[in-house]
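Each value in this text was obtained by applying a stated rule to the coordinates, not by laboratory testing. None of these values were measured; they are calculated from a predicted model. Positions of Cβ are backbone-derived with ideal geometry, glycine not excepted, and every protein chain shown enters the neighbour counts.
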Amino acid sequence: MINKYNYSPGPSYVKENVRLARAYEVTNSDIDIDFVKYYKDTCDLFNKIIDSDNETYIISGEAILGLEAACATLTEDGDRVLVLDNGLYGNGFKDFVSIYGGQPVLFTQDYHNEISSEALEEYLKEDSNFKYATLVHCDTPTGMINDIHKLCPILKKYGILTVVDSVSGMVGERLSVKESKIDILLGGSQKAISAQPGITIVSVSKDAKKAFKNRKTPVRSFYANLRIWENYLEEQYFPYTLPASDIVSFRVAIENIVEEGIENVLKRHEKIASSVRKSIKDFGLELFSKNDNSNTVTAIKMPEKIKATDISNYILKKHNVLIATSLAEYKDSILRIGHMGENARIEKTLYILNLLEEAFNSFGFKSKKSLTESFIENIY
Ligand SMILES: *Cc1c(COP(=O)(O)O)cnc(C)c1O
């Protein structure tokens, strides 16, 4: 059975109107200029959500394609790239930089804390010779939020372009491209946007486009080359056949957000997340992140003697519900609740907390207070 209730930190729950939209009959995106307009309108609508005037593309491919494409299109042989690293996704950017011939320089910080803007500024005073920097808004495996509105302008001040992975941040965390001056913003359809996986959103600034143009060597990719999108509007022609059905359902997911109002969506995330964190602590567990501020995912530090996989397997076998552990070295030590997008609802969160409470109790965990009672006390 692949049909399961899913409370992992992405892909998140997809509402029925989004799922159904995928079944609509669609046009031929190669030759129908009405589709070009529909596509551009969808990009513009998305720009309102991320407060951006930059050029936004909706690209076929899971969010990893966006991460790779940003690095592929910016990097030339020998380019020095500053990789801000306080989490697994943050660290992972070094591989994309290397693949395309760049020289990643890691700025590694404590994985339990957000990146300090003071520490970054101190570092840049000594060395700021970088073409661009990569950073992650919400590092999902550990639930770490970085203050991109503070960090990106500092990097910009030193003439460094910024590439920001906000795949699990956007729509759940406040995000203004205008205020943060992000040069390439990356997102995915399957996290807080609550559409199906398969779309990456890439928003590109004028400065980033200038850097693309100033390259001395061609981009070493076709599919991961963002320049192939530059002229679609003038030419009324896409670089390849677009997955029209994916874009139509993505559009409905965005319309759901616009209808609720992005400010309300953000408040809903904040309210759910802060009550979850409070209830986890009341229950007697600890959070991984020291500044516990992620509104889309809560990473729980497992107590001695209980492994994260014990809990996730129990819930899966007994209730057919998916809950995530973490990745790499955190696989056994972190358990994660996703409360992003359409999963950030009181009834859904209450349901998963109830199962967590049962699972922890069955492994002999001595709780201090009921998880669900604490959640209810805090949410209302
Ligand atoms: C989900 C996610 C991505 C996309 O990666 P997948 O593992 O393929 O889903 C990229 N960056 C971050 C921070 C994410 O949370």
Return yes or no: is I337 hydrophobic (A, V, I, L, M, F, W, C), outside any loop (DSSP other than H, G, I, E, B) and within 18 Å of the chain's Cα centre (by Cα)? yes
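Return a yes/no flag: does segment 60-71 have any residue that is away from the ligand (no atom under 16 Å from the Cβ), among the small types (G, A, S) and either touching a Phe, Trp or Tyr at 6+ places or on another chain (Cβ under 9 Å) or under 25 Å from A244 (Cα atoms) (or both).
Here is the first cut: in segment 60-71, the ones away from the ligand (no atom under 16 Å from the Cβ) are none.
No: zero hits.
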Here is a list: R227, R251, R268. Which entry is touching a Leu at 6+ places or on another chain (Cβ under 8 Å) and touching a residue at least 24 places away in the same chain (Cβ under 8 Å)? R251
With criteria (1) touching a helix residue (DSSP H, G or I) at 6+ places or on another chain (Cβ under 9 Å); (2) surrounded by fewer than 21 Cβ atoms within 10 Å (Cβ to Cβ); (3) in a helix (DSSP H, G or I); (4) not small (G, A, S), I306 comes up short on (3)
Condition broken by I201, with the remaining ones in (1) assigned to a helix (DSSP H, G or I); (2) touching a Phe, Trp or Tyr at 6+ places or on another chain (Cβ under 8 Å) satisfied: (1)
Complete set of residues in segment 1-21 that are crowded, with 19+ Cβ neighbours inside 10 Å and touching an Asp or Glu at 6+ places or on another chain (Cβ under 8 Å): S12, V14
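Within segment 128-183, which residues are of a type in the set (S, T, N, Q) and either outside any strand (DSSP E or B) or away from the ligand (no atom under 16 Å from the Cβ) (or both)? Give the steps one after another, and end with the answer.
Filtering segment 128-183 for residues of a type in the set (S, T, N, Q) gives 128-129, 134, 140, 142, 146, 162, 166, 168, 176, 180.
If the condition is that a residue be of a type in the set (S, T, N, Q) and either outside any strand (DSSP E or B) or away from the ligand (no atom under 16 Å from the Cβ) (or both), then S128, N129, T140, T142, N146, S166, S168, S176, S180 are the ones that fit.
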Of the candidates D41, D51, D34, D30, the one satisfying the condition of being in contact (Cβ under 8 Å) with a residue 12 or more places away in the chain, surrounded by fewer than 17 Cβ atoms within 10 Å (Cβ to Cβ) and more than 17 Å from the chain's Cα centre (by Cα) is D30
Residue check, V105 aliphatic (A, V, I, L, M), within 14 Å of the ligand (Cβ to nearest atom) and closer than 21 Å to G159 by Cα: no
